[in-house]
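K.L.:
Let me give you the structure first, and then I'll get to my questions.
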Amino acid sequence: MPGVTSRLAAYSQVVLFFGAFLLFWEFGVRYFEVKSYILPPISAIAVAVWEARSEIFENSMYTLAEVLIGFGAAVVVGVMLGMVVYVSPFAQRTIYPLVTALQTTPKSALAPLMIVWFGYGFISKVAMAFLFAFFPIVVATLGGFAGTAKNLEEHFRALNAGPWRTFTTLRLPSALPSFIDGCRVAMPLAMIGAIIGELVGSERGLGNLIMLGTASTRTDLVFGCIIVITLISLALYALIEFAAKSVWWRGIQV
Amino acid sequence: MVSTATAEVPKSGKGLNVAAEPAVNHIEAQGLNKTFGSFKALEDIDFTINNQEFVSVLGPSGCGKSTLLRIVAGLIPYESGSATIKGEKVRAPRPDVGVVFQTNNMLPWLTVRRNVELGARIRNMPADARDAAVDKILDVLSLTKFADAHPHQLSGGMRQRASIGQALVLDPQILLMDEPFGALDALTRDKLNVELLRIWQESRKTVMLITHSIAEAVFLSDRVLVMADRPGKIVEEVTIDLPRPRNAATTRAMPKFGEYVAYLGKVMGVAS
């Protein structure tokens, strides 16, 4: 079975590469006598994560909640706005240029403002996750609707299909692949938004733990948090990829 | 009261009710004009297509023949003159008119069966009648085996057959076809011509077929309307006096078939 063999080979290459990388890190740091507050050996990071596991878990759940709620709100509001802009020429002339202009604002610059508005707690981080995730979703939703094939629209007109039927049977399925693409971009951005919010001012969360770790030169803990954040982001991305599988008609033209 | 047997249809078309007796002229255009901005697409188009007649509109690309079909289908408006179906002025797409376009209109995310029954669902046909109609059409088009496949798994010819099925599911009396085989290779096209002929000979619908293939027009039609471009107008009308039922082997081998093809080629300015 050549397929299995080659896949096995591909996996073993990945494992070997990362193994070599971690070994190089572990022994390179020791060999070159790098100060542990600059770059701790990977084993020290693992120990730090294990020792602080309940703290890291608790803060992870807190950050995860911020990300998911912010992302969910971005999906709901983004899809609604995308639809409004799609159906209303007025919104297309007024709201959409505004949205596009706001998209170019560096969202991280808004973090202090969010904390002034919503406080140090949960809500300001949700707002940050929302701000980061919102624009790609609006743009992707609108792009999806606008990309509905013209010949299919005419076909539906020839069948006297009403606006609701055309929406549910044609436009919605047409827009789904683009919408999922938007989610792919938006999900990691929501995590970035939440973490930036926590770094600027927070009482809990992985970003807060990073700040505490930095203040007490616990670089091992800081690295541990960064790794955990990356793993959570990867898991969320995998979730979107899984959902994307049900929209299998992406890119299929018949 | 206007007799549906005559070509005299009032411009207004209002208050006409021809449901009682079958209309003889199913599709009619009188002095039809259409412009896109300053571009004159159609000029003074006059023609009649009778009940159960198969008429092809033959013309070079860009002559406005697709525009003509879209006007008859009620998909785009026109400026002056009139287009009527069964004596009623065309204002919007009608349930008794099926349209087949050049690009197959399959929704990639639906199975062949769901694609074919789309029109029936949109027009709220009862489920059992719909299922029976779809079963029959899939059988007629030899697509039964592919009912649960998705469009991208089919060949181009099969997709186009399924598109014809989409139009046939409501059993329309009138079928408008806009170069339905234009995107297919010559061999598949010939095969589908034979199939279309068979379907038409069995169900006797009124057909208006837009094509730029002379052989296709001659093989299938009772009459051929030839269009010229800039502006689009009908320049010639040829009655195809070949015996029916026609079939692939004998009809195409008839000397008269070749004569019609040669003559239409000359009319269209193709060296033959």
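K.L.:
Could you tell me which of the residues A:Ala194, A:Ala190, A:Ala175 is within 14 Å of another protein chain (Cβ to nearest Cβ), buried (at least 22 other Cβ atoms within 10 Å of the Cβ) and in a helix (DSSP H, G or I)?
P.N.:
A:Ala175
K.L.:
Does B:Glu195 meet the test of being out of contact with any strand residue (DSSP E or B) (no Cβ under 9 Å at 6 or more places or on another chain), within 14 Å of chain A (Cβ to nearest Cβ) and not aliphatic (A, V, I, L, M)?
P.N.:
no
K.L.:
Same structure, new question: Could you list all residues from the range A:1-27 that are within 16 Å of A:Asp220 (Cβ to Cβ) and either among the polar types (S, T, N, Q) or without any contact (Cβ under 8 Å) to a residue 12 or more places away in the chain (or both)?
P.N.:
Those that are within 16 Å of A:Asp220 (Cβ to Cβ) and either among the polar types (S, T, N, Q) or without any contact (Cβ under 8 Å) to a residue 12 or more places away in the chain (or both): none in the range A:1-27.
K.L.:
Go through (1) polar (S, T, N, Q); (2) more than 21 Å from the chain's Cα centre (by Cα); (3) modelled with pLDDT of 90 or more and name the single condition B:Asn124 misses.
P.N.:
In the conditions (1) polar (S, T, N, Q); (2) more than 21 Å from the chain's Cα centre (by Cα); (3) modelled with pLDDT of 90 or more, B:Asn124 misses (3) alone.
K.L.:
Here is a further query. Any idea how many residues of the range B:88-108 are under 14 Å from A:Arg157 (Cβ atoms), crowded, with 18+ Cβ neighbours inside 10 Å, of a type in the set (A, V, I, L, M, F, W, C) and within 10 Å of chain A (Cβ to nearest Cβ)?
P.N.:
So the count comes out to 3.
K.L.:
Tell me which of these B:Ala186 doesn't satisfy, since it passes every other one: (1) touching a residue at least 12 places away in the same chain (Cβ under 8 Å); (2) within 20 Å of B:Gly265 (Cα to Cα).
P.N.:
(1)
K.L.:
Out of A:Leu110, A:Leu22, which single residue is in the same structural domain as A:Ile196 (by TED's automatic domain parsing), among the aliphatic types (A, V, I, L, M) and closer than 27 Å to A:Ile195 by Cα?
P.N.:
Exactly one of A:Leu110, A:Leu22 is in the same structural domain as A:Ile196 (by TED's automatic domain parsing), among the aliphatic types (A, V, I, L, M) and closer than 27 Å to A:Ile195 by Cα, namely A:Leu110.
K.L.:
Something else now. Run down B:Ser163, B:Ser142, B:Ser155 and say which single residue is hydroxyl-bearing (Ser, Thr, Tyr) and crowded, with 20+ Cβ neighbours inside 10 Å.
P.N.:
B:Ser163
K.L.:
Mind checking which residues of the range B:109-141 are without any contact (Cβ under 8 Å) to a residue 24 or more places away in the chain and more than 14 Å from every other protein chain (Cβ to nearest Cβ)?
P.N.:
If the condition is that a residue be without any contact (Cβ under 8 Å) to a residue 24 or more places away in the chain and more than 14 Å from every other protein chain (Cβ to nearest Cβ), then B:Pro126, B:Ala127, B:Asp128, B:Ala129, B:Asp131, B:Ala132, B:Asp135, B:Lys136, B:Asp139 are the ones that fit.
K.L.:
Scan the helices (runs of 4 or more DSSP H) fully inside the range A:48-124 and keep the ones with 3 or more residues being crowded, with 18+ Cβ neighbours inside 10 Å.
P.N.:
Where helices (runs of 4 or more DSSP H) fall fully within the range A:48-124 and carry at least 3 residues being crowded, with 18+ Cβ neighbours inside 10 Å, they are A:53-87, A:111-118.
K.L.:
If I ask for residues that are within 14 Å of chain A (Cβ to nearest Cβ) and touching a Lys or Arg at 6+ places or on another chain (Cβ under 7 Å), which ones from the range B:142-156 would you list?
P.N.:
Selection gives B:Pro151 alone.
K.L.:
Can you tell me which condition A:Glu203 does not meet? The list is (1) part of a helix (DSSP H, G or I); (2) closer than 23 Å to A:Gly70 by Cβ, and all the others hold.
P.N.:
Of the numbered conditions (1) part of a helix (DSSP H, G or I); (2) closer than 23 Å to A:Gly70 by Cβ, the odd one out for A:Glu203 is (1).
K.L.:
Something else about it: Would you mind finding the one in A:Phe223, A:Phe242 that is assigned to a helix (DSSP H, G or I), surrounded by fewer than 18 Cβ atoms within 10 Å (Cβ to Cβ) and of a type in the set (Phe, Trp, Tyr)?
P.N.:
A:Phe242
K.L.:
Of all the strands (runs of 3 or more DSSP E) wholly in the range B:154-272, which have at least 1 residues that are within 16 Å of the chain's Cα centre (by Cα)?
P.N.:
Strands (runs of 3 or more DSSP E) meeting the threshold: B:174-178, B:206-211, B:223-228.
K.L.:
Go through (1) at pLDDT 90 or above; (2) away from chain A (no Cβ under 14 Å); (3) within 24 Å of B:Val169 (Cα to Cα) one by one and return the number of the condition B:Ala23 breaks.
P.N.:
That leaves (1) as the condition not met.
K.L.:
Further, regarding this structure: Looking for something hydrophobic (A, V, I, L, M, F, W, C) and within 14 Å of chain B (Cβ to nearest Cβ) - is there at least one such residue anywhere in the range A:202-216?
P.N.:
No: the range A:202-216 contains no residue that is hydrophobic (A, V, I, L, M, F, W, C) and within 14 Å of chain B (Cβ to nearest Cβ).
K.L.:
Also, quick follow-up: Taking the stated definitions as given, is A:Ala48 assigned by TED's automatic domain parsing to the domain that holds A:Ala215 and either of a type outside the set (S, T, N, Q) or at pLDDT below 90 (or both)?
P.N.:
Yes: the conditions hold for A:Ala48.
K.L.:
Does A:Ala133 satisfy the criteria of being assigned by TED's automatic domain parsing to the domain that holds A:Leu176, in a helix (DSSP H, G or I) and without any contact (Cβ under 8 Å) to a residue 24 or more places away in the chain?
P.N.:
Spelling it out, it is not the case that A:Ala133 is assigned by TED's automatic domain parsing to the domain that holds A:Leu176, in a helix (DSSP H, G or I) and without any contact (Cβ under 8 Å) to a residue 24 or more places away in the chain.
K.L.:
Of everything in the range A:142-168, what is crowded, with 20+ Cβ neighbours inside 10 Å and either facing chain B (nearest Cβ under 8 Å) or basic (Lys, Arg) (or both)? Give them in sequence order.
P.N.:
A:Leu152, A:His155, A:Phe156, A:Ala158, A:Leu159, A:Ala161
K.L.:
Yes or no: A:Leu236 of a type outside the set (Phe, Trp, Tyr), more than 17 Å from the chain's Cα centre (by Cα) and assigned to a helix (DSSP H, G or I)?
P.N.:
No; evaluated as a whole, the condition is false for this residue.
The values are calculated or read from the model by the stated rules, or taken from the named source; none is laboratory data. These figures come from a predicted structure and were not determined experimentally. Please note: Cβ atoms are built from the backbone with ideal geometry, for glycine as well, and neighbour counts cover all protein chains shown.
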